[in-house]
Structure formats: C-alpha cells, structure tokens
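The values are calculated or read from the model by the stated rules, or taken from the named source; none is laboratory data. Fair warning: this is a prediction, and the values are worked out from it, not measured in the lab. We place every Cβ from the backbone using ideal geometry, glycine too, and count neighbours over all the protein chains shown.
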Amino acid sequence: MPERPPLLMIPGPIEVSPAVLQAFTAPPPGHLAPRLIEAFGSSLEMMRRVWLAADSSLPFVVAGAGTLAMEMAVANLIEAGDRTVVVNTGYFSDRLTEMLRRCGADVREVTTEVGDAPSPEQVAEALRPTGGGGPVKALFATHVDTSTGVRIDPEPLAALARENGALSVFDGVCATAAERFDMEDWGADVYLTASQKAIGLPPGLAMLLVSARAFEVRANRGSTAPPMYLDWVEWRPIMEAYEQRRPAYFSTPATNLILALATGLGEILAGGMEERFALHQRAARNLREAWLSLGLTPVPVRPELAANTLSALRFPAGVDGSLIGRILEHGVVVAGGLHPAIRTEYFRVGHMGYAVTRPDMLESTVRAVARALGRDVPAIPAG
Ligand code: PMP
C-alpha cells in the first residue's frame, strides 16, 4: 500500500469522502451513457435544493474551475459600458473587478481595510444613480473571500440590488453548500461555485445557478454573444436535456466528475441543508476556540465576519511562514497567505465538506498546528 498522503486541510481542494472517491475513479462513462445522464440530471435537480433556489432558476455545470464560473457570469451579463458595483473583500473580489474591466464595464469598487467588509450603507451609496452614467446593471460580491476568511452577509446586498433595479451576482466558491445562502428568498440572481470546496469533489467543475431574470438579460442582449463555451444560451438546452434524462451534446462533460457530483450532492442533502450549515458552524466555532488558546488571532476583524469554511490566522510574534512546513511535518497541509497586503503575515486552514463530518481530521489539524508551534495540544470540544 502506498503511504497515505498528508491530510489536505487547505481552503480547497479538500479531502473527499470514500463514496465520492469511488465514483470519481469508476471506469469513465461516455457522455451519452445512461448512468451519466441519470447522474447529470439528478445533480442539476439537487443543485436547486443545495442553493435553496427557485424551480424557475437554471443550473449550469461545465468542465472548468471556479474562475470559469466567474467568467460565465460576467461574460453573459455584462457588455461594454455597463455600470457595475463590486463589493471588495479581497483577492477574489479583485479578480472579479479585473474581469469586469476586461469586458469594458464601468466598475465602482466598494472597499474597506483588509479583514473587514463594506457596510450595506456604503453599498447603497455606490448603487445610487449618478449624473450621466445610467443605472447600475449588476452588483458583484464574494460570499467568502478565501484570501481573508471574511464572509459577507449577502441578504441585504441582494435586497439593495433589487431595490435599485440591478442584478446581484455572488461568488460562492468558498461558501456554497457550507454557508447559508437562500437564493430564492433573498432574490439573488447568480450564485456560482466550483467542485473542489464545500461541494466535496476533486477540482474540475464550474457550477452556477442563474435566476430566470438574469437569463433574460443574456437572452435580450443587444450586441455580440459571449464566447461560445461561456454562453448560457449554448448550454441551456444541454442542461434541460439532462434534467429530462435525454442525451445531449455541446462540449464533452467531465464524466467522472459528474458521477462524483451526484454522489457528493446526495451526501450533502442526506441530512438536509440546515444540518449541513450547522456542521460547518460547529466545526468553525470549535476550531476558533482552539486557535485562540494557541495565541492565533484571525484576520477577520470582528467575529461575525469570520467564515465557517476556513480560518485565516495571523502568525504569533516570533513565528513566520516556516510554520507551514513544520505543520506538514506533523502530517497536515495548510495554506500560506494570499492577500497581497498581508501575504507573509498569516496562514489559512480549510474546514469544509467531508472534513467537518470527521472530528478526527479536525483534531489532527489542531494537534499538528499546536506541535508545530511547540505548544500543548488544546482539547477540541466534542460536537
Ligand atoms: N473565488 C473564490 C472565493 C475562490 O476561493 C476561488 C479559488 N480559491 C476562486 C474564486 C477561483 O476558483 P478556481 O481556483 O477554481 O479557478
């Protein structure tokens, strides 16, 4: 038997469940195989339940990473000259801004200090009509910014967008299926993610749900169509065919990942979404206590801003990035800093998906960090 690789506790990719691994390593089905069609169709149906989305919303699953899901949202909705607002909480919000600018959008960023999140009042101000520019077409925000561990509250932002006649688009790559997101109740228009985080799969799928009203915006756009692989109009009939359990082809799906997706979403939904959110909340709370007892302070500046999917932790005085290598010597992979303003000052630990169902994995992680710091191992409260 090969030696088990170290425990993967970065904020994605993550450890996957044995059942997901089994589905992923099955002999590859063709894209028209009955078991593939069934897995694809049931995955699209389950996505609406995981996203708490309306029956009228449109699910898309495309081979690619989270950046592709972001690109699809931007390319379908935004045309040159459109006014947009980005709620910026870190590295991945910067990426959204850059994408929007490349589409020729007029981008207004709402910013704050690293580790904080802009207030709804600041966002309301940015959404207000300006003299010559016309109304804002869409508001973009990152649900959990993986570079800072900051979680925003999407509900008031989606409401503000609606009040101002704008669409709302949320990047859920480090949040979807772990942090509460009620797409239908909150009236959000796009919620996008990728397979390698709280969805619980290896990397390789871009996933998004699109409201009927957002799809209309794409369908009615005046100028050129988006690039073909990104275009919701190309993909919609394919997704509808799979939901109706009919074969279809536009571009080859990542068939083994689709098998794994049906398994992974089934696991998430087995106990219901409330239980899934609570599992992540409990794991995060217990880990937070352990980090505090080890003298590690979080990057998010207030407790309510701290995500349940990862911990971004400042190195204590006298400790530097070599800590990450020492944690690995104790069998656990954690991630370094990502936000350019504080890159060398902190490290990140992921706690989402399968790992939050495995107290032993969380304990091993705390033990490895404590030993690497040369500290006594704190107890993690059970449950
Ligand atoms: N948005 C967020 C919040 C992310 O965490 C990531 C990946 N870490 C991305 C977007 C980009 O996803 P990918 O690396 O799969 O392209």
Could you list all residues from segment 99-157 that are among the hydrophobic types (A, V, I, L, M, F, W, C), in contact with a Cys (Cβ under 9 Å, 6 or more places away or on another chain) and within 16 Å of residue 84 (Cβ to Cβ)? none
Do we have any residue at all in segment 120-138 that's away from the ligand (no atom under 16 Å from the Cβ), modelled with pLDDT of 95 or more, within 25 Å of residue 68 (Cβ to Cβ) and buried (at least 24 other Cβ atoms within 10 Å of the Cβ)? yes
Does segment 313-337 hold any residues that are farther than 14 Å from residue 294 by Cα and part of a strand (DSSP E or B), and which are they? 332, 333, 335, 336
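Quick grid of which residues meet (1) farther than 30 Å from residue 228 by Cα; (2) β-branched (Val, Ile, Thr); (3) touching a residue at least 40 places away in the same chain (Cβ under 8 Å):
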residue: 80; (1), (2), (3): no, no, yes
residue: 90; (1), (2), (3): no, no, yes
residue: 111; (1), (2), (3): yes, yes, no
residue: 117; (1), (2), (3): yes, no, yes
residue: 121; (1), (2), (3): yes, no, no
residue: 127; (1), (2), (3): yes, no, yes
residue: 134; (1), (2), (3): no, no, yes
residue: 140; (1), (2), (3): no, no, yes
residue: 158; (1), (2), (3): no, no, no
Enumerate the pairs (first residue in segment 296-307 and modelled with pLDDT of 95 or more; second residue anywhere and surrounded by fewer than 22 Cβ atoms within 10 Å (Cβ to Cβ)) with beta-carbon separation below 6 Å, excluding pairs fewer than 6 apart on the same chain, so at least 6 apart or on different chains. 297/314; 301/116
For segment 148-177, which positions are over 18 Å from residue 72 (Cα atoms), within 12 Å of the ligand (Cβ to nearest atom) and of a type in the set (A, V, I, L, M, F, W, C)? 150, 152, 175
Go through the residues of segment 87-97 one by one and say whether even a single one is in the same structural domain as residue 192 (by TED's automatic domain parsing), touching a Gly at 6+ places or on another chain (Cβ under 7 Å) and more than 11 Å from the ligand (Cβ to nearest atom). no
Using beta carbons and a limit of 9 Å, which pairs, at least six apart or on different chains, have the first residue in segment 354-383 and within 17 Å of residue 16 (Cβ to Cβ) and the second one of a type in the set (Phe, Trp, Tyr) and crowded, with 18+ Cβ neighbours inside 10 Å? 361/354
Return the total of residues in segment 284-312 being in a loop (DSSP other than H, G, I, E, B) and surrounded by fewer than 20 Cβ atoms within 10 Å (Cβ to Cβ). 4
Would you confirm whether or not segment 192-215 contains a residue that is away from the ligand (no atom under 16 Å from the Cβ), charged (D, E, K, R) and within 27 Å of residue 42 (Cα to Cα)? yes
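Working carefully through the options 223, 195, find the one that is of a type outside the set (A, V, I, L, M) and over 25 Å from residue 312 (Cα atoms).
On the way: 195 fails: over 25 Å from residue 312 (Cα atoms).
Going through 223, 195 in turn, the sole match is 223.
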Please note which helices (runs of 4 or more DSSP H) are completely contained in segment 177-249 and include at least 2 residues that are modelled with pLDDT under 95 and in contact with a Gly (Cβ under 9 Å, 6 or more places away or on another chain). none
For segment 49-71, which positions are buried (at least 24 other Cβ atoms within 10 Å of the Cβ) and within 12 Å of the ligand (Cβ to nearest atom)? 66, 69, 70
Of all residues in segment 339-366, count the ones that are basic (Lys, Arg) and in contact with a Gly (Cβ under 9 Å, 6 or more places away or on another chain). 2
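Results for (1) among the hydroxyl-bearing types (Ser, Thr, Tyr); (2) assigned by TED's automatic domain parsing to the domain that holds residue 117; (3) over 20 Å from residue 14 (Cβ atoms), shown as yes or no for each residue.
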site: 252; (1), (2), (3): yes, yes, yes
site: 282; (1), (2), (3): no, no, no
site: 286; (1), (2), (3): no, no, no
site: 295; (1), (2), (3): no, no, yes
site: 303; (1), (2), (3): no, no, yes
site: 306; (1), (2), (3): no, no, no
site: 342; (1), (2), (3): no, no, yes
site: 346; (1), (2), (3): yes, no, no
For the structure I just gave you, tell me whether residue 217 is touching a residue at least 24 places away in the same chain (Cβ under 8 Å), under 18 Å from residue 74 (Cα atoms) and surrounded by fewer than 24 Cβ atoms within 10 Å (Cβ to Cβ). yes
Within segment 151-161, tally of residues that are farther than 19 Å from residue 116 by Cα and surrounded by fewer than 17 Cβ atoms within 10 Å (Cβ to Cβ): 1
Residue in segment 102-111 that is of a type in the set (Val, Ile, Thr), at pLDDT 95 or above and within 16 Å of the ligand (Cβ to nearest atom) present: no
